[in-house]
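Right, one structure below, let's go through it.
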Amino acid sequence: MKKFVSLFMTLLLVLSSFGTMASAANQSFKEKEKMVEESFNYSIKSAKGDEKEKLKTDLAKFKKLSKEDKKKFISYMFDPEVTSTIAESISEVEPGETKALKNGDIVLSATYEESDVEAPALEEGNIQPLATTYYKKAWYKRGVSFLGLTVLEVYAQVNYTHNGSKVLSTYGCDAYTSRNLNPTVDYEWGRCIRNHSSSQAWATASVKWSAIYSGLGIVYANHEVRVWGNYKNQSGGSVTKL
């Protein structure tokens with residue numbers, strides 16, 4: 001699956017128009033507003049399908065925010081304490097639940113789902129699986145929204161097979177940042193590792209957050225993202241601080 005390229009690197013051209021990330025704290029409201037809009041526009045150009053349309057809709061909503069709400073949105077985006085709090089709190093959200101910060105202006109969420117997928121094409125010489133083999137994809141997503149607009153999503157999935165009574169195999173996994181609108185924050189992913197037992201398939205990947213702020217240097221946080229699915233067609237996941 002295509003990896004979502006980190007804005008930390010790819011937005012350097014955008015940021016060069018406004019100075020470096022480390023000087024963002026010294027920029028005016030209008031300059032920061034422009035940076036956020038450029039983050040949206042870059043993401044729209046890179047995205048495909050439903051995500052592209054969702055980004056367009058969210059950009060339109062951002063532009064329609066009142067001046068007061070827009071100032072709050074931008075202040076959260078460039079506030080190192082907010083970034084640190086999100087990094088510390090995102091692991092506390094259980095699947096299917098949300099956690100509110102800043103009187104509900106910031107919402108952390110965790111969603112998961114398990115679905116059928118088409119069987120991968122057989123390579124020459126491979127044995128056709130039994131008709132009772134089910135091909136499944138379990139995915140897990142963590143999100144962060146400011147004033148109802150999603151600014152961050154991290155995504156993990158594992159592909160596996162089962163026969164209704166036990167897990168048979170895993171045959172693919174992925175973990176990446178599916179949306180990042182904050183030009184001061186970078187997410188560096190480790191390799192996705194998959195495995196299974198007779199009752200469950202899972203995949204894990206580590207991710208390191210790094211954020212640069214004027215006068216504060218780099219703020220780091222490390223997490224492990226895990227997604228799982230089982231032969232009962234159930235799924236879930238977790239984010240654990242390392």
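Note on segment 140-203: enclosed strands (runs of 3 or more DSSP E) holding 1 or more residues that are open to solvent by less than 40 Å² (accessible area, probe 1.4 Å) and either on the phi < 0 side of the Ramachandran plot or touching a residue at least 40 places away in the same chain (Cβ under 8 Å) (or both) are 149-162, 167-180, 185-189. Exactly one residue out of ILE218, ILE212 is in contact with a helix residue (DSSP H, G or I) (Cβ under 9 Å, 6 or more places away or on another chain) and surrounded by fewer than 20 Cβ atoms within 10 Å (Cβ to Cβ), and it is ILE212. Within segment 64-81, residues that are of a type in the set (Lys, Arg) sit with their Cβ atoms under 7 Å from residues that are outside any helix (DSSP H, G or I) and surrounded by 15 or more Cβ atoms within 10 Å (Cβ to Cβ), at 6+ positions apart or across chains, in these pairs: LYS72/ASP105; LYS72/LEU147.
Of everything listed in (1) more than 30 Å from ASN230 (Cα to Cα); (2) touching a Phe, Trp or Tyr at 6+ places or on another chain (Cβ under 6 Å), the single unmet condition for ASN103 is (2).
The values are calculated or read from the model by the stated rules, or taken from the named source; none is laboratory data. Here the structure is a predicted model, which is why all the values come from computation and not from measurement. Heads up, the Cβs are rebuilt from the backbone with ideal geometry, glycines too, and the neighbour counts pull from every protein chain shown. Areas reflect the complete protein model, heavy atoms only, side chains present, ligands, DNA and RNA absent. Shrake-Rupley method; radii C 1.70, N 1.55, O 1.52, S 1.80 Å.
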